[in-house]
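Accompanying notes for the structure given below.
The values are calculated or read from the model by the stated rules, or taken from the named source; none is laboratory data. Only a predicted model underlies this, so the values are computations on that prediction, with no experimental measurement involved. Virtual Cβ from ideal backbone geometry, glycine too; neighbours counted across all protein chains shown. Note: accessible area is taken over every heavy atom of the protein model, side chains too, but ligands, DNA and RNA are not part of it. Shrake-Rupley method; radii C 1.70, N 1.55, O 1.52, S 1.80 Å.
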Amino acid sequence: MARKNIFFLALSITLSLSAQYYPSKNNWDRKKPNAVGISQSSIDEAIQFALGNEYGGQKDLRLAILESFSREPYHKLQGPTKERGGPAGMIIKDGYVIGEWGDIRRVDMTFSVTKSYLSTTAGLAFDDGLIRSIQDKVNEYVWDETFAGKHNSKITWEHLLQQTSDWSGALFGLYDWADRPSRDGKFDDWRYRELKEPGSSYKYNDVRVNVLSYSLLNVWRKTLPQVLKERIMDPIGASTTWRWYGYEDSWITLDGQHMQVVSGGGHHGGGVFISTEDHARFGLLFSRSGKWNDQQLVSEEWIKMIQTPASAFESYGYMWWLNKGPRAWEGLPDHLFYAAGFGGNFIVVDQEKDLVIVTRWLEPSKIGELVSIIYEGVD
(Lines give C-alpha, C1' and ligand atoms only; values in the text may rest on other atoms or scores of the structure.)
Protein backbone atom coordinates (compact mmCIF):
# COMPACT_ATOMS: atom_id res chain seq x y z
CA MET A 1 0.00 0.00 0.00
CA ALA A 2 2.87 2.38 0.85
CA ARG A 3 4.49 1.76 -2.56
CA LYS A 4 1.19 2.47 -4.29
CA ASN A 5 0.77 5.74 -2.40
CA ILE A 6 4.32 6.77 -3.29
CA PHE A 7 3.66 5.95 -6.95
CA PHE A 8 0.50 8.05 -7.10
CA LEU A 9 2.21 10.90 -5.25
CA ALA A 10 5.08 10.85 -7.74
CA LEU A 11 2.63 10.69 -10.64
CA SER A 12 0.69 13.65 -9.23
CA ILE A 13 3.88 15.71 -8.85
CA THR A 14 4.99 14.82 -12.39
CA LEU A 15 1.65 15.81 -13.87
CA SER A 16 1.55 19.07 -11.93
CA LEU A 17 5.06 19.95 -13.10
CA SER A 18 4.34 19.09 -16.73
CA ALA A 19 0.89 20.69 -16.92
CA GLN A 20 0.77 23.86 -18.97
CA TYR A 21 -0.67 26.94 -17.36
CA TYR A 22 -3.74 28.58 -18.95
CA PRO A 23 -5.33 31.78 -17.66
CA SER A 24 -8.83 31.54 -16.27
CA LYS A 25 -11.58 33.76 -17.66
CA ASN A 26 -11.16 36.45 -15.03
CA ASN A 27 -7.53 36.07 -14.00
CA TRP A 28 -4.17 35.94 -15.75
CA ASP A 29 -1.15 35.15 -13.57
CA ARG A 30 1.99 37.26 -13.84
CA LYS A 31 5.58 36.10 -13.44
CA LYS A 32 8.93 37.85 -13.45
CA PRO A 33 10.71 37.28 -16.78
CA ASN A 34 13.70 35.68 -15.02
CA ALA A 35 11.40 32.97 -13.64
CA VAL A 36 10.68 31.74 -17.19
CA GLY A 37 14.15 32.13 -18.69
CA ILE A 38 14.02 35.67 -20.11
CA SER A 39 16.04 38.59 -18.80
CA GLN A 40 14.18 41.39 -17.07
CA SER A 41 16.32 43.98 -18.83
CA SER A 42 15.28 42.80 -22.31
CA ILE A 43 11.59 43.00 -21.39
CA ASP A 44 12.04 46.46 -19.85
CA GLU A 45 13.92 47.61 -22.96
CA ALA A 46 11.22 46.19 -25.26
CA ILE A 47 8.47 47.98 -23.38
CA GLN A 48 10.28 51.30 -23.53
CA PHE A 49 10.97 50.72 -27.23
CA ALA A 50 7.28 50.09 -27.94
CA LEU A 51 6.23 53.16 -25.99
CA GLY A 52 8.82 55.29 -27.77
CA ASN A 53 7.93 54.14 -31.29
CA GLU A 54 4.22 54.80 -31.54
CA TYR A 55 2.55 54.62 -34.96
CA GLY A 56 2.74 58.10 -36.49
CA GLY A 57 -0.64 58.12 -38.22
CA GLN A 58 -3.78 59.94 -37.15
CA LYS A 59 -5.52 58.80 -33.96
CA ASP A 60 -8.79 59.43 -35.75
CA LEU A 61 -8.68 56.21 -37.76
CA ARG A 62 -11.39 57.43 -40.10
CA LEU A 63 -8.93 60.05 -41.34
CA ALA A 64 -5.95 57.68 -41.22
CA ILE A 65 -7.73 55.17 -43.49
CA LEU A 66 -8.91 57.78 -45.99
CA GLU A 67 -5.46 59.35 -46.20
CA SER A 68 -3.60 56.05 -46.54
CA PHE A 69 -5.77 54.66 -49.33
CA SER A 70 -6.64 57.90 -51.12
CA ARG A 71 -5.05 56.82 -54.40
CA GLU A 72 -7.44 53.87 -54.78
CA PRO A 73 -10.31 54.43 -57.24
CA TYR A 74 -13.71 54.57 -55.52
CA HIS A 75 -12.21 54.08 -52.05
CA LYS A 76 -14.66 54.97 -49.29
CA LEU A 77 -15.58 53.97 -45.77
CA GLN A 78 -18.39 51.42 -45.67
CA GLY A 79 -17.98 50.06 -42.16
CA PRO A 80 -17.49 51.51 -38.68
CA THR A 81 -14.24 53.01 -37.40
CA LYS A 82 -13.05 54.04 -33.94
CA GLU A 83 -10.49 56.53 -32.66
CA ARG A 84 -7.51 54.53 -31.47
CA GLY A 85 -5.75 54.50 -28.14
CA GLY A 86 -2.04 54.68 -27.43
CA PRO A 87 0.60 51.95 -27.60
CA ALA A 88 -0.33 48.78 -25.74
CA GLY A 89 1.02 45.26 -25.60
CA MET A 90 1.61 42.02 -23.72
CA ILE A 91 4.41 39.46 -23.66
CA ILE A 92 3.37 35.93 -22.70
CA LYS A 93 5.84 33.15 -21.84
CA ASP A 94 4.73 29.65 -20.85
CA GLY A 95 1.23 31.09 -20.51
CA TYR A 96 2.22 33.75 -17.96
CA VAL A 97 2.24 37.51 -18.48
CA ILE A 98 5.86 38.66 -18.15
CA GLY A 99 5.44 42.15 -19.58
CA GLU A 100 2.67 44.60 -20.46
CA TRP A 101 2.20 48.25 -21.36
CA GLY A 102 -0.66 50.62 -22.10
CA ASP A 103 -4.35 49.93 -21.68
CA ILE A 104 -4.57 46.20 -22.45
CA ARG A 105 -8.36 46.11 -22.06
CA ARG A 106 -9.17 48.96 -24.39
CA VAL A 107 -11.09 47.84 -27.49
CA ASP A 108 -9.50 49.09 -30.73
CA MET A 109 -9.66 48.36 -34.42
CA THR A 110 -7.13 45.74 -35.43
CA PHE A 111 -7.37 45.94 -39.24
CA SER A 112 -5.78 42.95 -41.05
CA VAL A 113 -5.10 40.98 -37.89
CA THR A 114 -8.76 40.17 -38.59
CA LYS A 115 -7.56 37.97 -41.47
CA SER A 116 -6.05 35.50 -39.01
CA TYR A 117 -9.39 35.27 -37.19
CA LEU A 118 -11.10 34.74 -40.55
CA SER A 119 -8.60 32.02 -41.39
CA THR A 120 -9.52 30.32 -38.12
CA THR A 121 -13.18 30.05 -39.13
CA ALA A 122 -11.96 28.35 -42.33
CA GLY A 123 -9.92 25.97 -40.19
CA LEU A 124 -12.94 25.10 -38.09
CA ALA A 125 -14.94 24.41 -41.26
CA PHE A 126 -12.11 22.13 -42.40
CA ASP A 127 -11.97 20.37 -39.03
CA ASP A 128 -15.74 19.80 -39.11
CA GLY A 129 -15.67 18.42 -42.65
CA LEU A 130 -17.72 21.31 -44.01
CA ILE A 131 -14.76 21.88 -46.33
CA ARG A 132 -13.51 18.48 -47.45
CA SER A 133 -10.16 19.69 -48.79
CA ILE A 134 -8.45 23.06 -49.01
CA GLN A 135 -7.56 22.06 -52.57
CA ASP A 136 -11.25 21.87 -53.54
CA LYS A 137 -12.56 24.47 -55.93
CA VAL A 138 -14.76 26.95 -54.11
CA ASN A 139 -17.49 26.77 -56.78
CA GLU A 140 -18.24 23.26 -55.52
CA TYR A 141 -19.54 24.93 -52.34
CA VAL A 142 -20.63 28.38 -53.52
CA TRP A 143 -22.58 27.84 -56.73
CA ASP A 144 -23.85 31.35 -57.44
CA GLU A 145 -22.12 33.73 -59.88
CA THR A 146 -19.26 34.53 -57.48
CA PHE A 147 -17.01 31.84 -58.95
CA ALA A 148 -18.47 31.63 -62.44
CA GLY A 149 -16.36 31.93 -65.59
CA LYS A 150 -13.20 30.39 -66.94
CA HIS A 151 -10.89 32.15 -64.46
CA ASN A 152 -12.83 32.31 -61.18
CA SER A 153 -14.01 28.70 -61.49
CA LYS A 154 -10.40 27.52 -61.02
CA ILE A 155 -10.03 29.12 -57.59
CA THR A 156 -9.56 26.83 -54.58
CA TRP A 157 -9.90 27.52 -50.86
CA GLU A 158 -6.10 27.52 -50.60
CA HIS A 159 -5.83 30.21 -53.29
CA LEU A 160 -8.17 32.45 -51.26
CA LEU A 161 -6.36 31.73 -47.98
CA GLN A 162 -2.93 32.44 -49.47
CA GLN A 163 -4.13 35.46 -51.47
CA THR A 164 -3.04 33.93 -54.77
CA SER A 165 -6.48 33.60 -56.39
CA ASP A 166 -6.50 36.75 -58.55
CA TRP A 167 -10.27 36.54 -58.22
CA SER A 168 -11.86 39.04 -60.61
CA GLY A 169 -15.10 40.88 -59.99
CA ALA A 170 -16.93 43.16 -57.59
CA LEU A 171 -18.37 42.50 -54.16
CA PHE A 172 -20.52 44.96 -52.22
CA GLY A 173 -19.67 47.69 -54.73
CA LEU A 174 -15.91 47.19 -54.44
CA TYR A 175 -13.83 46.11 -57.46
CA ASP A 176 -10.88 43.75 -57.03
CA TRP A 177 -8.68 45.80 -59.38
CA ALA A 178 -9.26 49.02 -57.42
CA ASP A 179 -7.79 47.59 -54.20
CA ARG A 180 -4.11 48.54 -53.89
CA PRO A 181 -3.57 49.02 -57.64
CA SER A 182 -0.09 48.92 -59.11
CA ARG A 183 2.03 52.05 -58.89
CA ASP A 184 2.54 51.65 -62.61
CA GLY A 185 -0.17 52.40 -65.13
CA LYS A 186 -3.49 54.17 -64.85
CA PHE A 187 -7.19 53.47 -64.51
CA ASP A 188 -7.66 51.46 -67.72
CA ASP A 189 -4.44 49.52 -67.14
CA TRP A 190 -5.72 48.40 -63.75
CA ARG A 191 -9.24 47.66 -64.91
CA TYR A 192 -8.31 45.65 -68.01
CA ARG A 193 -5.21 43.92 -66.69
CA GLU A 194 -4.32 40.38 -67.68
CA LEU A 195 -5.49 37.85 -65.09
CA LYS A 196 -2.90 35.61 -63.44
CA GLU A 197 -3.40 31.85 -63.18
CA PRO A 198 -4.73 31.09 -59.66
CA GLY A 199 -1.86 30.09 -57.41
CA SER A 200 0.83 31.66 -59.59
CA SER A 201 0.90 35.20 -58.20
CA TYR A 202 0.48 36.71 -54.72
CA LYS A 203 -1.50 39.93 -54.24
CA TYR A 204 -2.68 41.33 -50.92
CA ASN A 205 -6.28 42.33 -51.65
CA ASP A 206 -9.14 42.98 -49.22
CA VAL A 207 -11.91 42.51 -51.79
CA ARG A 208 -10.75 38.94 -52.36
CA VAL A 209 -10.45 38.41 -48.60
CA ASN A 210 -14.08 39.48 -48.31
CA VAL A 211 -14.92 36.95 -51.04
CA LEU A 212 -13.48 34.32 -48.69
CA SER A 213 -15.63 35.65 -45.85
CA TYR A 214 -18.71 35.50 -48.11
CA SER A 215 -17.84 31.96 -49.14
CA LEU A 216 -17.36 30.78 -45.55
CA LEU A 217 -20.71 32.27 -44.56
CA ASN A 218 -22.29 30.18 -47.33
CA VAL A 219 -20.59 27.08 -45.90
CA TRP A 220 -21.34 27.72 -42.23
CA ARG A 221 -24.84 29.10 -42.87
CA LYS A 222 -24.52 31.16 -39.70
CA THR A 223 -22.54 34.31 -39.07
CA LEU A 224 -18.78 34.03 -38.65
CA PRO A 225 -18.71 36.11 -35.42
CA GLN A 226 -21.13 33.55 -33.96
CA VAL A 227 -18.85 30.69 -35.04
CA LEU A 228 -15.79 32.44 -33.61
CA LYS A 229 -17.52 33.27 -30.33
CA GLU A 230 -18.91 29.79 -29.70
CA ARG A 231 -15.92 27.76 -30.87
CA ILE A 232 -12.94 29.95 -29.93
CA MET A 233 -13.45 33.14 -27.96
CA ASP A 234 -15.77 31.80 -25.23
CA PRO A 235 -13.69 28.65 -24.58
CA ILE A 236 -10.45 30.66 -24.26
CA GLY A 237 -12.07 33.01 -21.76
CA ALA A 238 -12.10 36.11 -23.95
CA SER A 239 -14.10 39.11 -22.78
CA THR A 240 -17.50 40.06 -24.13
CA THR A 241 -16.17 43.35 -25.50
CA TRP A 242 -14.82 42.24 -28.91
CA ARG A 243 -16.88 42.81 -32.07
CA TRP A 244 -16.59 41.79 -35.72
CA TYR A 245 -18.17 44.13 -38.27
CA GLY A 246 -18.86 44.12 -41.97
CA TYR A 247 -20.09 46.95 -44.19
CA GLU A 248 -23.37 48.83 -44.27
CA ASP A 249 -24.35 46.99 -47.45
CA SER A 250 -22.67 43.61 -46.88
CA TRP A 251 -25.89 41.87 -45.89
CA ILE A 252 -27.31 38.80 -47.62
CA THR A 253 -30.34 36.61 -47.13
CA LEU A 254 -29.40 33.01 -46.40
CA ASP A 255 -31.90 30.32 -45.37
CA GLY A 256 -34.44 33.09 -44.93
CA GLN A 257 -32.21 34.91 -42.43
CA HIS A 258 -30.68 38.37 -42.86
CA MET A 259 -26.93 37.90 -42.24
CA GLN A 260 -23.92 40.18 -42.53
CA VAL A 261 -20.76 39.22 -44.39
CA VAL A 262 -18.04 40.49 -42.06
CA SER A 263 -14.91 42.07 -43.51
CA GLY A 264 -11.41 40.64 -43.27
CA GLY A 265 -9.86 43.97 -42.29
CA GLY A 266 -10.44 47.68 -41.79
CA HIS A 267 -9.49 48.83 -45.29
CA HIS A 268 -13.01 50.24 -45.71
CA GLY A 269 -13.84 50.21 -42.01
CA GLY A 270 -15.15 47.25 -40.05
CA GLY A 271 -13.22 44.10 -39.16
CA VAL A 272 -12.49 42.89 -35.63
CA PHE A 273 -12.49 45.45 -32.82
CA ILE A 274 -10.78 43.87 -29.81
CA SER A 275 -8.59 44.35 -26.73
CA THR A 276 -4.91 43.53 -26.44
CA GLU A 277 -5.72 40.99 -23.72
CA ASP A 278 -8.16 39.08 -25.94
CA HIS A 279 -5.56 39.10 -28.75
CA ALA A 280 -3.09 37.53 -26.31
CA ARG A 281 -5.50 34.71 -25.46
CA PHE A 282 -5.97 34.04 -29.16
CA GLY A 283 -2.20 34.02 -29.68
CA LEU A 284 -1.70 31.62 -26.76
CA LEU A 285 -4.18 29.20 -28.35
CA PHE A 286 -1.98 29.07 -31.46
CA SER A 287 1.21 28.81 -29.43
CA ARG A 288 -0.35 25.70 -27.84
CA SER A 289 -1.21 24.12 -31.22
CA GLY A 290 -4.93 24.86 -30.93
CA LYS A 291 -5.40 23.37 -27.45
CA TRP A 292 -6.88 25.16 -24.44
CA ASN A 293 -6.73 23.24 -21.18
CA ASP A 294 -8.10 19.81 -22.13
CA GLN A 295 -9.97 20.97 -25.26
CA GLN A 296 -8.57 20.79 -28.79
CA LEU A 297 -10.39 23.83 -30.18
CA VAL A 298 -8.55 23.89 -33.51
CA SER A 299 -6.87 20.79 -34.89
CA GLU A 300 -3.09 20.47 -34.76
CA GLU A 301 -3.31 19.68 -38.46
CA TRP A 302 -4.79 23.11 -39.16
CA ILE A 303 -2.17 24.88 -37.01
CA LYS A 304 0.49 23.25 -39.21
CA MET A 305 -1.43 24.05 -42.40
CA ILE A 306 -1.63 27.78 -41.70
CA GLN A 307 2.16 27.81 -41.82
CA THR A 308 2.19 26.49 -45.39
CA PRO A 309 4.09 29.09 -47.46
CA ALA A 310 2.41 30.20 -50.66
CA SER A 311 4.44 28.92 -53.61
CA ALA A 312 4.17 32.40 -55.11
CA PHE A 313 5.28 34.18 -51.89
CA GLU A 314 7.13 32.32 -49.14
CA SER A 315 6.40 34.97 -46.49
CA TYR A 316 2.65 34.26 -46.45
CA GLY A 317 0.68 31.28 -45.18
CA TYR A 318 -3.05 30.85 -44.63
CA MET A 319 -3.64 34.50 -43.69
CA TRP A 320 -0.78 34.39 -41.21
CA TRP A 321 2.60 35.94 -42.03
CA LEU A 322 5.63 33.63 -41.86
CA ASN A 323 9.16 34.61 -40.89
CA LYS A 324 10.51 33.30 -44.18
CA GLY A 325 11.25 34.64 -47.63
CA PRO A 326 11.50 38.32 -48.55
CA ARG A 327 9.58 39.55 -45.48
CA ALA A 328 11.67 37.61 -42.92
CA TRP A 329 12.98 39.45 -39.85
CA GLU A 330 16.75 39.12 -39.92
CA GLY A 331 18.31 37.15 -37.07
CA LEU A 332 15.03 35.73 -35.76
CA PRO A 333 13.81 32.10 -35.95
CA ASP A 334 12.14 31.09 -39.21
CA HIS A 335 9.44 29.14 -37.34
CA LEU A 336 7.80 32.35 -36.07
CA PHE A 337 4.42 33.25 -37.54
CA TYR A 338 2.32 36.31 -36.91
CA ALA A 339 -0.84 38.28 -37.60
CA ALA A 340 -0.34 41.86 -38.78
CA GLY A 341 -2.59 44.86 -39.32
CA PHE A 342 -2.48 48.50 -40.42
CA GLY A 343 -1.15 50.94 -37.84
CA GLY A 344 1.25 48.50 -36.21
CA ASN A 345 -1.02 45.78 -34.80
CA PHE A 346 0.71 42.41 -34.33
CA ILE A 347 0.30 39.00 -32.70
CA VAL A 348 3.62 37.10 -32.87
CA VAL A 349 3.69 33.37 -32.05
CA ASP A 350 6.66 31.11 -31.28
CA GLN A 351 5.36 27.60 -30.60
CA GLU A 352 8.82 26.17 -29.82
CA LYS A 353 9.42 28.65 -27.00
CA ASP A 354 5.73 29.01 -26.06
CA LEU A 355 6.10 32.76 -26.47
CA VAL A 356 3.45 35.25 -27.62
CA ILE A 357 4.01 38.95 -28.27
CA VAL A 358 1.07 41.32 -28.84
CA THR A 359 1.69 44.94 -29.71
CA ARG A 360 -0.73 47.70 -30.76
CA TRP A 361 0.03 50.98 -32.52
CA LEU A 362 3.73 50.35 -33.01
CA GLU A 363 5.39 52.03 -35.99
CA PRO A 364 5.09 49.07 -38.41
CA SER A 365 8.71 49.18 -39.61
CA LYS A 366 9.87 48.67 -36.00
CA ILE A 367 8.27 45.27 -35.32
CA GLY A 368 11.36 43.23 -36.23
CA GLU A 369 13.50 45.36 -33.94
CA LEU A 370 11.01 45.02 -31.07
CA VAL A 371 10.93 41.22 -31.38
CA SER A 372 14.74 41.11 -31.62
CA ILE A 373 15.09 43.04 -28.35
CA ILE A 374 12.94 40.43 -26.60
CA TYR A 375 14.83 37.51 -28.13
CA GLU A 376 18.16 38.94 -26.99
CA GLY A 377 17.07 38.06 -23.46
CA VAL A 378 15.71 34.57 -24.20
CA ASP A 379 17.77 31.64 -22.90
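Within the set Lys154/Lys353; Lys115/Lys154; Lys25/Lys137, which residue pairs have Cα atoms separated by over 32 Å?
Lys154/Lys353; Lys25/Lys137
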- Query: Taking a quarter of the surface of the convex hull around the Cα atoms of the stretch 261-369, what do you get in nm²?
  - Reply: 7.9 nm²
- Message: From the Cα trace of the stretch 59-198, what convex hull volume per residue do you get, rounded to a whole Å³?
- Response: 171 Å³
- Message: Please report the spacing between the Cα centers of the stretch 299-365 and the stretch 29-106 in Å, no decimals.
- Response: 16 Å
- Query: How big is the C-alpha Rg of the chain next to the rule-of-thumb value 2.2 N^0.38 Å, as a ratio?
  - Reply: 1.02
- Query: In deg cm²/dmol, rounded to 500, what helix-only [θ] at 222 nm does the chain give when every DSSP H run of at least 4 residues adds -39500 (n - 2.57) and the total is split over its residues?
  - Reply: -8500 deg cm²/dmol
- Item | Label-point gap, in nm, between Glu330 and Asp44 - each point 7 angstrom along Cα→Cβ | 2.9 nm
- Message: Let me check I've understood the local charge: for Asp108, count other residues with C-beta under 10 angstrom from its C-beta, Lys and Arg +1, Asp and Glu -1. What total comes out?
- Response: +2
- Accessible carbon and sulfur surface of the chain relative to its total accessible area, %, 1.4 Å: 49 percent
- Note on the structure: In the chain, helical segments from DSSP H whose Cα atoms cover 15 Å or more along their own axis and that average at least 0.5 on the Kyte-Doolittle scale are 2-18, 206-220
- Query: Given Lys229/Lys366; Lys76/Lys324; Lys31/Lys291; Lys59/Lys304, which pairs have Cα atoms separated by over 29 Å?
  - Reply: Lys229/Lys366; Lys76/Lys324; Lys59/Lys304
- Note on the structure: Over the chain, with neighbouring protein chains present, the accessible area per residue in Å² at probe 1.4 Å is 43 Å²
- Note on the structure: Note on the chain, DSSP bridge orientation, antiparallel percent to nearest 5 equals 95 percent
- Message: For Glu376, Glu301, give me the order by solvent-accessible area with a 1.4 Å probe, most accessible first, ignoring ligands, DNA and RNA.
- Response: Glu376, Glu301
